[in-house]
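Structure first, commentary second.
The values are calculated or read from the model by the stated rules, or taken from the named source; none is laboratory data. Since we're looking at a predicted model, the values are computed, not measured. Here Cβ is always computed from backbone atoms with ideal geometry, including for glycine, and neighbour counts include all displayed protein chains. All accessible areas refer to the heavy atoms of the entire protein, side chains included, with ligands and DNA or RNA removed. Shrake-Rupley method; radii C 1.70, N 1.55, O 1.52, S 1.80 Å.
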Amino acid sequence: MDTNSLTPHGPDAAHISGLFWLMVTMGTVIYIVTMTALVVALFRGRQGARPSRFSDNAFIVGGGVVVPTLVLFVLAFATVRATNKVTAPRRDAVRLEVVGYQYWWRVEYHTPVRATTANEVHIPVGRPVDITLTSVDVNHSFWIPELAGKVDTIPGQRNLLHLQADKAGTYRGQCAEFCGLQHTHMAMLVIAEPQADFDRWVRTQARPAAAGSAVFEHQSCAGCHTIRGTSADGTLGPDLTHLAGRRTLGAVTAPNTAQNLAKWIHNAQDFKPGSLMPPVPMDPAELDALVAYLETLE
């Protein structure tokens, strides 16, 4: 998994990275020049030398007006140029929508085949992706540093983010806007894969579950979660139709294993204190049966 925020793996991230390093370089040069001038001034003061009034005025005009104006002009030009590039419309873009919840992400695909998942964003390598962002509760911020800049998800507002991955891989993202107690554990994974693998994955996600579970549908699970193809149609929590195919639980809080899944169902607060999923009391036999069923949802 790539986790280096300073290493771009897509054109949008490359534009932002170039702007960042330009700012770092100019800031470093200005710092060096300023410290050099300070040392020279201290040295000349000890020697008793004093520049002429003309030198004083020239230094004030040059250092206080001309140079800052040039620096701001260069940064403004570079910022506008980079912003125009990362917000320009793209042809043949994959369209999807990401909705922020406390504290997870719903992902909906608006490809020829419609699909819904949670906390994982699959995209084809080398193809632009348009993501519409919104929220159902508080402000969140969607950020995949290796692929694009961060964009806020705001209730009642739809923002647009462009991104593209130049190579296959798994990229970790993060909510970058403080949104509550479990803000730190509101992450997501972007999986970039070849077009054929992406198409196959979307078709799999669009299929309903093969069968239902009496334990799942009779417990409170069905009131909060959806499993397409069954009577469970809750919308408060993530769609679980293909839960077993996901790599993590709780928005990248823990690996998706049978043991972690059982612990999560029994008391999610042990993993994410403050999350909105309450404990689900059930006897061991029911819990084992429920976990066994959910493990079949690939």
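Side notes on the structure shown:
- In straight-distance terms, cross-link reach from Lys167 covers every one of the aspartates and glutamates whose alpha-carbon lies under 12 Å from its own, apart from those fewer than eight places away in the same chain; here that gives Asp2, Glu146, Glu193.
- Helix 11-47 and the long axis of the chain differ in direction by around 30°, with both axes built from C-alpha atoms.
- Helix 195-206 axis, angle to the chain major axis (alpha carbon atoms, nearest 10°): 50
- Partner aspartates and glutamates for Lys85 [C-alpha distance under 15 Å; skip if fewer than 8 residues away on the same chain]: Asp12, Asp130
- For the chain, carbon and sulfur atoms together expose 62% of the accessible surface, with a 1.4 angstrom probe and every protein chain in place.
- Separation of alpha-carbon centers, region 114-169 and region 178-248, rounded to whole Å: 17
- Most to least packed among 67-73, 227-233 [average Cβ atoms within 10 Å]: 227-233, 67-73
- Accessible area per residue in Å² at 1.4 Å probe, computed on the chain: 53
- The angle between the Cα long axis of helix 284-294 and the longest principal axis of the Cα atoms of the chain comes to about 70 degrees, rounded to the nearest 10.
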